[in-house]
Structure formats: structure tokens, C-alpha cells
Amino acid sequence: MRRKLVAGNWKMHGGLARNRDLLQSLIQAVGKGGKSDSAVFVPYPYLAQAQDMLKGTAIAWGAQSLSEHAQGAYTGEVSAAMLVEFGCRYVIVGHSERRSLYGESNETVAAKFLAAVNGGLTPILCLGETLAQREQGVTEEVIGGQFDAVLQAAGVGGFANAVIAYEPVWAIGTGRTATPQQAQDVHAFIRGRLAVSDPVLAERMQILYGGSVKPQNAAELFGMADIDGGLIGGASLVAQDFLAICAAA
Ligand code: PEP
């Protein structure tokens with residue numbers, strides 16, 4: 001039985017005072033742990049605050065991206081080792097906003113995944129198709145290509161300590177959620193793709209769903225056989241909503 005993980009991606013939202021209130025609410029409710037795991041992904045400047053408040057609790061924290069490089073003349077970038085110094089356990093890799101707004105190719109995402117793994121972090125690898133791609137019937141081709149680029153760079157061993165998130169681009173921040181069956185179908189496809197290389201690892205791989213998860217739809221999504229929790233954007237900024245989603249897991 002895979003444990004469920006509920007991960008809150010704050011994106012570029014927050015502020016010291018607001019974060020403190022939100023984290024305090026989360027600590028009170030789920031800080032001692034429970035049947036599922038939880039984590040928050042804060043903007044880089046708030047990692048120290050997250051570390052300070054969350055250390056010793058059951059809530060993990062991480063960053064929303066990282067550099068594929070270990071160090072050097074890469075202005076504005078942050079390395080895996082720096083994230084580890086701030087106690088990060090996880091890092092999101094290949095979020096669709098990074099792919100579409102910052103031009104991260106499958107190869108760049110693969111290099112970042114590898115940098116995370118080599119740095120001792122657990123990458124949450126995001127895969128997802130656009131609406132046009134779904135309508136053209138190439139969802140599996142797109143997801144397969146995104147996945148294969150990482151498999152090629154990191155090998156199946158690179159997935160030993162990783163999490164995958166299926167995030168249909170058309171469902172992120174749009175209020176339009178994939179139906180539980182649509183999500184389940186893609187999750188089963190991803191698990192099957194990994195099983196070709198390592199069936200045992202595929203069976204224990206946590207595959208999260210992300211895209212307009214709300215308290216109202218979380219239980220149904222998380223009830224599907226291959227959905228092992230969620231990557232939550234908007235709803236992770238409201239303590240009551242995020243906690244309701246954690247409870248659904
Ligand atoms: C996300 O940011 O990864 C996400 C899924 O956002 P939302 O829950 O707002 O759709």
C-alpha cells in the first residue's frame with residue numbers, strides 16, 4: 001500500500017507574516033503526522049522560514065525548482081546543495097510553468113532531475129499535456145516523451161527516490177479538473193511505462209495528481225487506484241482547504 005503525499009506548491013505567493021499564519025495552522029493540524037504525508041513548496045527566500053518553523057514536525061518542505069548545475073556563473077540560480085542546506089527534502093522539477101514560461105525543455109528537466117538526485121533531494125517530476133495535445137489524441141505520446149527524456153538521463157535507478165506528478169496543463173489553475181478516470185488512465189500509463197524498466201519500483205512509485213484539486217474533488221481523485229496524493233497549487237494557500245485535502249488523503 002503506497003502512502004499518499006499532499007504537496008502544496010505556493011508558486012510566487014507569500015510573505016513572512018502570511019506564511020507564519022499558514023504554517024502555524026498546518027503545524028497545529030498535521031504537524032504530528034498521520035495516515036498521509038504533507039509538504040510545502042515555498043519560494044526560495046522563505047526556505048529558511050519554512051525550515052525554522054517546520055523542523056521537528058511531520059511536514060516536509062522543498063523548493064519549486066533548482067539549477068541543473070552544481071555551482072558557477074549562473075546568475076539567479078540555486079543549486080541542489082544550497083537547498084539541502086535549508087533542510088529541503090523535495091524539489092519540484094519540470095512544472096509546466098517552468099516548461100512553458102521559462103523554456104525548460106525535456107532535456108533541461110532531465111538535467112535538473114539528475115542534479116536533484118545527485119544532490120540527495122527527492123525530485124517531484126511533473127509531466128503533463130496541453131489541451132491541444134489532449135484534443136489531438138497525443139497525451140500518451142507527450143507524457144511518454146517527457147518521461148523517457150528523464151529515464152534516459154537518470155536511468156531507472158534515478159527514480160528510486162523520486163515522486164512523479166501528473167499535471168495536465170489545461171487543469172492547472174483553471175478550475176477545470178481532470179475527471180478521476182481521465183487522471184487514473186494517465187497515472188496507470190505512467191506506472192506501466194516505469195514498470196517496463198522496473199516493475200517493483202513502479203509498484204511503489206508515488207504518482208501525484210495536480211490540476212485544480214479542491215476539497216470538493218480530492219477524495220474522489222485520491223480514491224483511484226493509481227493516484228497517490230496531489231500536487232496542490234491555489235488551494236494550498238488557504239489553510240482550511242489544504243487541510244481538507246490532506247484529510248481526504
Ligand atoms: C500546481 O501549481 O501545480 C497546480 C496544480 O495548481 P492548481 O492546484 O492551482 O491547479
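Each reported figure results from applying straightforward, stated rules to the coordinates on display, with no laboratory input. Fair warning: this is a prediction, and the values are worked out from it, not measured in the lab. Here the Cβ positions follow ideal geometry from the backbone for every residue, glycine too, while neighbour counts run over all protein chains shown.
For first residues located in the stretch 197-213 and over 22 Å from Gly233 (Cβ atoms) and free of Cβ contacts under 8 Å to residues at least 24 places away in the same chain, partners that are away from the ligand (no atom under 16 Å from the Cβ) and basic (Lys, Arg) and lie 6+ apart or on another chain with Cβ distances below 7 Å form the pairs Ala202/Arg191. You will find that of Val169, Val109, Val78, Val91, the residue that is closer than 24 Å to Val196 by Cα and among the β-branched types (Val, Ile, Thr) is Val109 and no other. Candidates are the residues of the stretch 165-181 that are touching a helix residue (DSSP H, G or I) at 6+ places or on another chain (Cβ under 7 Å) and small (Gly, Ala, Ser); the one that is nearest to the ligand (Cβ to nearest atom) is Gly173. Any idea which of Leu47, Leu66 is closer than 27 Å to Val169 by Cβ, touching a Lys or Arg at 6+ places or on another chain (Cβ under 7 Å) and touching a residue at least 40 places away in the same chain (Cβ under 8 Å)? Only one candidate qualifies: Leu66. For the stretch 1-48, residues that are away from the ligand (no atom under 15 Å from the Cβ), among the β-branched types (Val, Ile, Thr) and either in a loop (DSSP other than H, G, I, E, B) or crowded, with 18+ Cβ neighbours inside 10 Å (or both) total 1. Residue check: Leu221 meets all listed conditions (1) farther than 19 Å from Ile92 by Cα; (2) part of a loop (DSSP other than H, G, I, E, B) but one, namely (2). Within the stretch 63-119, restricting attention to residues that are of a type in the set (Ser, Thr, Tyr) and buried (at least 16 other Cβ atoms within 10 Å of the Cβ), the residue that is farthest from the ligand (Cβ to nearest atom) is Ser79. Between Asp241, Asp226, Asp185, Asp198, the distinction of being within 15 Å of the ligand (Cβ to nearest atom) and among the charged types (D, E, K, R) belongs to Asp241 only. Among the small types (Gly, Ala, Ser) and in a loop (DSSP other than H, G, I, E, B), is that true of Ala132? No.
Scanning for something of a type in the set (D, E, K, R), crowded, with 16+ Cβ neighbours inside 10 Å and within 25 Å of Asp21 (Cα to Cα), does the stretch 161-175 turn up at least one residue? Looking through the stretch 161-175, none of the residues is of a type in the set (D, E, K, R), crowded, with 16+ Cβ neighbours inside 10 Å and within 25 Å of Asp21 (Cα to Cα). Per the listing Glu141, Glu77, Glu68, the residue uniquely farther than 19 Å from Asn19 by Cβ and assigned to a helix (DSSP H, G or I) is Glu141.
The conditions of being under 23 Å from Leu243 (Cβ atoms) and in contact (Cβ under 8 Å) with a residue 24 or more places away in the chain are not met by Ile143.
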